[in-house]
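Asker: Pasting a structure here, questions to come.
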Ligand code: ADP
Ligand code: MG
């Protein structure tokens, strides 16, 4: 019997990371710059501890919003006229000139695909849609194996060629389609951080849909306190609070966005190598690294790879990674030595 249990919360496309900024509520002080809103199918939130005297809050907000909208207009698969959507729908195998920005994100994605042995793959889009997790309609049952096999033959990151010299992209199959949802939010976080730094801001927190970048100190003059959520389905609980700064952090998990059929849970992360949603015991992965785009992409790659393979690769890549793994009793934690070292509470 079919169970129609959609767990997707519209508008919130990912894991929430609680943002704790110390004793903000009990101090009369306020952050001189706070800005939040909606973008990329999720919410963003930005805080700066100090802003230069001559800086205008309105101008800063405007700069940030314009940047976020421009990124969305290039990389969204929800906007039918975004640069990426136009490339996706273009039925041509000729090289196409693309913007430097789109090139940069596609190139990063291709690097992570190679390093992860194809676990990360932005051409997985048609399979994501087939499973009902893309911009198309949602599903109430698993697709047929024939449909999956057919799409597997038409996907694969090696079918996308990038030409650095002339900023071009070639789809070796005219129907090839790319989905940047797994790293575009991270890229957008990096871009907002860049704007803040250009404006002389040295202490900030930037967050888009749970992907974060931190610099300097919070209002209490300490590292930023960030909580990683427990991967429970219907309630919000904290797993761990870390005091970190001068880093980016991204989390990927399969507990907010999935559907169930006959007691089986289908995650929104698709294994591009098989065409099926992942089905291992890894519930959530948090990656700390220099840029949020890389943290975001690796978090997704690790989510596909599963607890053992991901741990090995995280060590190999010298990344600070925190895993939450489902067990009979609840959840187990595992961290790479770099994560443990990085998050030792040193205020
Ligand atoms: P979230 O959107 O929850 O932050 P991720 O950053 O892990 O999660 O991105 C998940 C999105 O990435 C999916 O909604 C889908 O569009 C896309 N995706 C799914 N599987 C893969 C994959 N193996 N490689 C790259 N992108 C993927
Ligand atoms: Mg990601």
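Every number in this text was worked out from the coordinates using simple rules, so none of it is lab data. Predicted model, so just to flag it, every value in this text is computed and none were measured. Please note: Cβ atoms are built from the backbone with ideal geometry, for glycine as well, and neighbour counts cover all protein chains shown.
Asker: What is the residue count in region 232-250 for residues that are within 16 Å of ligand 1 (Cβ to nearest atom) and surrounded by fewer than 21 Cβ atoms within 10 Å (Cβ to Cβ)?
Answerer: Quick first cut of region 232-250, residues within 16 Å of ligand 1 (Cβ to nearest atom) only: 232-233, 236, 248-250.
Those still in the list that are surrounded by fewer than 21 Cβ atoms within 10 Å (Cβ to Cβ) too: 232-233, 236.
Qualifying residue count for the region: 3.
Asker: Here's another thing I want to ask about it. With respect to residue 233, determine if the residue is assigned to a strand (DSSP E or B) and either over 20 Å from residue 296 (Cα atoms) or away from ligand 2 (no atom under 16 Å from the Cβ) (or both).
Answerer: Values: assigned to a strand (DSSP E or B): no; either over 20 Å from residue 296 (Cα atoms) or away from ligand 2 (no atom under 16 Å from the Cβ) (or both): yes.
In short, no.
Asker: Still on this structure, I have one more. Just a yes or no: is a residue in region 177-188 farther than 27 Å from residue 273 by Cβ and within 20 Å of the chain's Cα centre (by Cα)? Break it down into steps so the answer makes sense when it comes.
Answerer: Of the residues in region 177-188, the ones farther than 27 Å from residue 273 by Cβ are 188.
This time we only want the ones that are within 20 Å of the chain's Cα centre (by Cα), so: 188.
Within region 177-188 (the criterion being farther than 27 Å from residue 273 by Cβ and within 20 Å of the chain's Cα centre (by Cα)), the answer is yes, since at least one residue qualifies.
Asker: For region 266-294, what are the residues that are near ligand 1 (Cβ under 10 Å from one of its atoms) and in contact with a helix residue (DSSP H, G or I) (Cβ under 7 Å, 6 or more places away or on another chain)?
Answerer: Those that are near ligand 1 (Cβ under 10 Å from one of its atoms) and in contact with a helix residue (DSSP H, G or I) (Cβ under 7 Å, 6 or more places away or on another chain): 269, 270, 271, 272, 278, 285.
Asker: Scan 215, 171 and give me the residue that is farther than 22 Å from residue 82 by Cα and in contact with a helix residue (DSSP H, G or I) (Cβ under 9 Å, 6 or more places away or on another chain).
Answerer: Values: 171 fails: farther than 22 Å from residue 82 by Cα.
215 is the lone residue from the list that is farther than 22 Å from residue 82 by Cα and in contact with a helix residue (DSSP H, G or I) (Cβ under 9 Å, 6 or more places away or on another chain).
Asker: Something else: I'm trying to understand the selection: among the residues of region 182-205, which are surrounded by 24 or more Cβ atoms within 10 Å (Cβ to Cβ) and within 16 Å of ligand 2 (Cβ to nearest atom)?
Answerer: If the condition is that a residue be surrounded by 24 or more Cβ atoms within 10 Å (Cβ to Cβ) and within 16 Å of ligand 2 (Cβ to nearest atom), then 182, 183, 184, 185, 186, 187, 188, 189 are the ones that fit.
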